[in-house]
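Here, each number is a calculation from the coordinates, and none is a lab measurement. Please read all numbers here as calculations on a predicted model, not as lab measurements. Reconstructed Cβ throughout: ideal geometry from the backbone, glycine too, with neighbour counts over all protein chains shown.
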Amino acid sequence: MRTRKDIVIIGAGPTGLGLAASLANTNLKIVILDKLPVRALQYPDYDGREIALNTPTINCLKRLNAWDKINPEFIFPIKQAKVLSGGSSYALDFNDKGALLGYLVSNHLIKKALYEVVCSYSNIEVITDTTVEDIQEGHRTRTVYLSNQSVIEASLVVAADNRFSESRRKLGIPSDAHDFSKVMILCKIEHERPHHHCAFEYFDTDKVVAFLPMSSHASSLVMTVSPDKVGYIKSLNDQQLISNLANQFEKQFGTIQTVGQRFFYPLVGVYSQRFVDERFALIGDAAVGMHPVTAHGFNLGLKGSESLANAIRWALAQNKDIGSIEILERYQSEHRHATKLMYHGTNLIVSLFTTNTVFAQLLSQCTLRLANHDLLPFKRIIMDYLSGRTSPITSLIEKVRLCF
């Protein structure tokens, strides 16, 4: 069967669904493709991932009518964040003078809400249980060949699959991958002492451990370890893992009482060398796959979806071709501006705080202290960026200007 659409979106994750929802009122004919069965989109399983949402992302979800579809009982405020390095008790304190830094929401709840939104529009179709076999360029079109034998012609194809994007590979678009040689372990824990809505992040030479605040005596544990230790972590029963955590974190959280299901993800950062091609665009992790230390990947992904949607709406208003390279390069320029410094800066910080040399450890401790006393501008830059008040490059230029 051969059909014609305006836009094909590959991947029904939150970013792909967000793009479709952003364009729902344009009357463009949009189809979303996903390999999962429909029930997995209607009722997505919990995958361990808790997403820190900043103010612009929440405002976007409200505009898309998705925010109200998330149960408020499962939306947790983040009022403060502390970063510690090595065995030192000294912390870099991110506290926005009473203002919230963001909210923590489970990935599967965001996905479910956005899926409900797109299903309410007649111009958006979702095709499940299928994979993309090939993507070919034609005259003013891209043709997508599916595993179910369907063929779809479209003015624009958007890949929103994942950081290991098969669609990106099919188009021959290279990416810069940073293998951190770590595995991320996620699980929920309950603890004796309240966290007071504060997120804690501990950098050590062999791992990073974060506690993201959920209900008052529960947190989402994020831990990165080397691959050779994964088997050991998997072999521990809950009580053994609790004992292991208690040795390091009992002073902060008191008795750790329960541990939930554990989830394991390889830790690879990806930055695509191009975000666009003829009638083709990358969004979300397919464009930029962040290290989770900032908990900011989805905010960047949804920001990118909005940037692409804005470029498409501008093209429609100007009666221009939505898939032309002129239109897509508007998105590419804006999204690169929004992501490049954050991506490379994050990788640099992770390397600094986890490198096992005397010089690196001294430098990391000095960095924390100087930043806490506002002698380095990046604390305010990060605060502004994570809360969504300004772009990192604009903030950096302004801070540097004020220093001279």
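Can you give the extra length, in nm with one decimal, that the chain gains between Thr131 and Gln273 once fully stretched, where that is 0.36 nm per residue apart less the Cα-Cα distance?
Full extension from Thr131 to Gln273 adds 48.7 nm.
Work through the residues other than Leu236 whose Cβ is under 11 Å from its Cβ and net out their charges, Lys, Arg +1 and Asp, Glu -1. Don't jump to the answer; show the numbers that get you there.
On the way: positive: Lys229, Lys234, Arg262; negative: Asp238.
Result for the neighbourhood of Leu236: +2.
For Leu212, what charge total do you get from the other residues with a beta carbon under 11 Å from its beta carbon, if Lys and Arg give +1 and Asp and Glu give -1?
Surrounding charge for Leu212 is 0.
What distance in nm lies between label points placed 7 Å from Cα along the C-beta direction at Phe74 and Gln318?
4.1 nm
Could you list Phe264, Phe249 so that the one with the fewest beta carbons within 10 Å of its beta carbon is first and the one with the most is last?
Phe264, Phe249
For Ile78, enumerate residues with amide H under 5 Å from its amide H, sequence gap 5+ or separate chain, H modeled in the peptide plane.
The answer is Leu101, Gly102, Tyr103, Leu104.
Quick one: Cα centre-to-centre distance for region 236-292 and region 100-131, in angstrom?
About 21 Å separates the Cα centre of region 236-292 from the one of region 100-131.
Stretched out fully, how many nm does the piece from Ile233 to Phe263 gain, at 0.36 nm a residue minus the Cα gap? All intermediate terms of the calculation are to be shown ahead of the outcome.
Working: separation 30, 0.36 × 30 = 10.80 nm, distance 1.10 nm.
Gain on stretching Ile233 to Phe263: 9.7 nm.
To make sure I understand, if each residue's beta carbon is the centre and we count other beta carbons within 10 Å, what order do Thr26, Thr224 fall in, fewest to most?
By the 10 Å Cβ count, ascending: Thr26, Thr224.
Taking amide H positions as placed 1.01 Å from N in the peptide plane, with prolines and chain starts having none, which residues 5 or more places from Asn148, or on another chain, fall under 5 Å of its amide H?
Hits under the 5 Å cutoff: Thr131.
Set the Förster distance to 35 Å, then compute FRET efficiency between Glu250 and Arg63 from the Cβ-Cβ distance, nearest 0.05.
So, using R0 = 35 Å, E works out to roughly 0.20.
Lysines near Lys207 by alpha-carbon distance under 27 Å, same-chain residues fewer than 8 away left out - which ones?
Straight-distance partners of Lys207: Lys79, Lys82, Lys182, Lys188, Lys229, Lys234, Lys251, Lys340, Lys379.
Search the structure for amide H atoms under 5 Å from the amide H of Arg279, placed 1.01 Å from N in the peptide plane, and list their residues when 5 or more places away or on another chain.
Ile325
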